[in-house]
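The values are calculated or read from the model by the stated rules, or taken from the named source; none is laboratory data. None of the values given here were measured: they were computed from a predicted structure. All Cβ positions, even for glycine, are placed from backbone atoms using ideal geometry, and neighbour counts span all protein chains on display. Ligands, DNA and RNA are excluded from the accessible area calculation, which covers all protein heavy atoms including side chains. Shrake-Rupley method; radii C 1.70, N 1.55, O 1.52, S 1.80 Å.
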Amino acid sequence: MTSANQLTILRMVSVPLFVLLIVYNYVGGALMVFVLAGLTDLLDGFIARRFGQKTPLGIFLDPIADKLLIVSSFIVLSIDGLELVVKIPAWLTITVIGRDILLVISVMIINLAIEKRLFSPSVFGKATTFIQLVTVFVVMLLSYLKLEFSGVTMLFYATFVLTVISGLHYLARGMRIFGDVGEE
């Protein structure tokens, strides 16, 4: 259990705390937990690369930790009954979750039907994760500061577009894998 893996697990464990803080209207505390989770993401990657702590467990757990944080954040920040100044629209949350479900199903099919393989994130996937995290941060910050900002709608649309583009890109990658197998 490397220190990089321990940070990844810490990020996973922080997700329920984050959700509870939002649900019970401790937006400042939730914002702090979210920022700390983001820092552990940066730190575990740095430690793994810098100190040779890349492990199969870390390669497996890191994207799961990211998805747990992002999906939980989108769900809880789109609940109508909460006292948030800005909420993530349901259509965006559904898009984010739908893309992730599509990716998980595609990876499972490829692993079961063709061969076991790990998939590295694409530039579109990394950009999507970044903008999704920025969206969550901005929504939480605006709610914490009790500020409304009409420009957040453009961020929602940008997040939507990148999420769809990366989903289509990953789908095309999966189709190429099946095409390559069919040619053999």
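Could you work out [θ]222 nm for the chain from helices alone, using -39500 (n - 2.57) per DSSP H run of at least four and dividing by all its residues? Round to the nearest 500 deg cm²/dmol. Let's see the in-between values first.
Details: 6 runs with 145 residues, N = 184.
Calculated mean residue ellipticity at 222 nm is -28000 deg cm²/dmol.
Under 22 Å between C-alpha atoms is the cut-off here; go through region 61-184 and count lysine pairs that meet it, provided they're at least eight residues apart or on different chains.
Working: Lys67/Lys87; Lys67/Lys116; Lys67/Lys126; Lys87/Lys146.
For region 61-184, qualifying lysine pairs total 4.
Taking 1 over the mean of 1/r across every pair of different Cα atoms in the chain, what Kirkwood radius in Å do you get?
Values: mean 1/r = 0.0572 Å⁻¹.
Roughly 17.5 Å, rounded to one decimal.
Given a Förster radius of 22 Å and the C-beta distance between Ile105 and Ile9 as r, what FRET efficiency does 1/(1 + (r/R0)^6) yield to the nearest 0.05?
On the way: r = 25 Å, r/R0 = 1.16.
Approximately 0.30, to the nearest 0.05.
Once R0 is set to 22 Å, what does the formula 1/(1 + (r/R0)^6) return for the Cβ-Cβ distance between Leu39 and Lys116, expressed as a FRET efficiency to the nearest 0.05?
Working: r = 32 Å, r/R0 = 1.46.
Taking R0 as 22 Å, the efficiency between Leu39 and Lys116 is 0.10.
Just in region 113-184: which chymotrypsin sites (Phe, Trp or Tyr not before Pro) are loop by DSSP and have at most 15 other Cβ atoms within 10 Å?
Working: sites: Phe119, Phe124, Phe130, Phe137, Tyr144, Phe149, Phe156, Tyr157, Phe160, Tyr170, Phe178; in loops: Phe119, Phe149.
Within region 113-184, the qualifying chymotrypsin sites (Phe, Trp or Tyr not before Pro) (loop, at most 15 other Cβ atoms within 10 Å) are Phe149.
Suppose all protein chains stay in the model; what accessible area per residue would a 1.4 Å probe give for region 123-184, in Å²? It would help to have the intermediate numbers written out before the result.
Working: 3760 Å² over 62 residues.
Value returned for region 123-184: 61 Å² of accessible area per residue.
Return the ratio Rg/(2.2 N^0.38 Å) for region 31-105, where Rg is computed over Cα atoms only.
Values: Rg = 15.1 Å, N = 75, 2.2 N^0.38 = 11.3 Å.
Here the answer is 1.33, to two decimals.
If you count only protein heavy atoms with a 1.4 Å probe, what accessible area per residue comes out for region 1-68, rounded to a whole Å²? Show your work: numbers first, answer last.
Values: 3880 Å² over 68 residues.
I get 57 Å² per residue for region 1-68.
On full extension of the chain, what length is gained from Phe149 through Lys54, given 0.36 nm per residue of separation minus the C-alpha to C-alpha distance? Please report the intermediate quantities before stating the final value.
Values: separation 95, 0.36 × 95 = 34.20 nm, distance 4.09 nm.
My answer for the length gained is 30.1 nm.
Of the chymotrypsin sites (Phe, Trp or Tyr not before Pro) in region 35-64, which ones lie in a loop per DSSP and count no more than 14 other C-beta atoms within 10 Å?
On the way: sites: Phe46, Phe51, Phe60; in loops: Phe51.
In loop regions of region 35-64 (DSSP not H, G, I, E or B), the sparsely surrounded chymotrypsin sites (Phe, Trp or Tyr not before Pro) are Phe51.
Work out how much length Leu20 to Val123 would gain on full extension: take 0.36 nm times their residue separation and subtract the Cα-Cα distance, in nm to one decimal. Kindly include the intermediate steps, with their values, before the conclusion.
On the way: separation 103, 0.36 × 103 = 37.08 nm, distance 3.24 nm.
Going from the current span to full extension adds 33.8 nm.
Which residue, Ser14, Ser73, Ser150, tops the fluctuation ranking in a GNM of the chain built on C-alpha contacts under 10 Å?
Ser150
Hey, what did the chain get for relative contact order, percent, Cα under 8 Å, at least 6 apart?
Numbers: 162 pairs, mean separation 45.1, N = 184.
That works out to 25 percent.
Assuming R0 = 22 Å, what is the FRET efficiency of Arg173 and Ile94, from their Cβ-Cβ distance, to the nearest 0.05? Before the final figure, lay out the partial values.
Values: r = 23 Å, r/R0 = 1.04.
That pair, Arg173 with Ile94, gives E of 0.45.
Can you give me the % of accessible surface on the chain that is carbon or sulfur? Probe 1.4 Å, all protein chains present, nothing else counted.
Numbers: 7620 of 10550 Å².
C and S atoms contribute 72 percent here.
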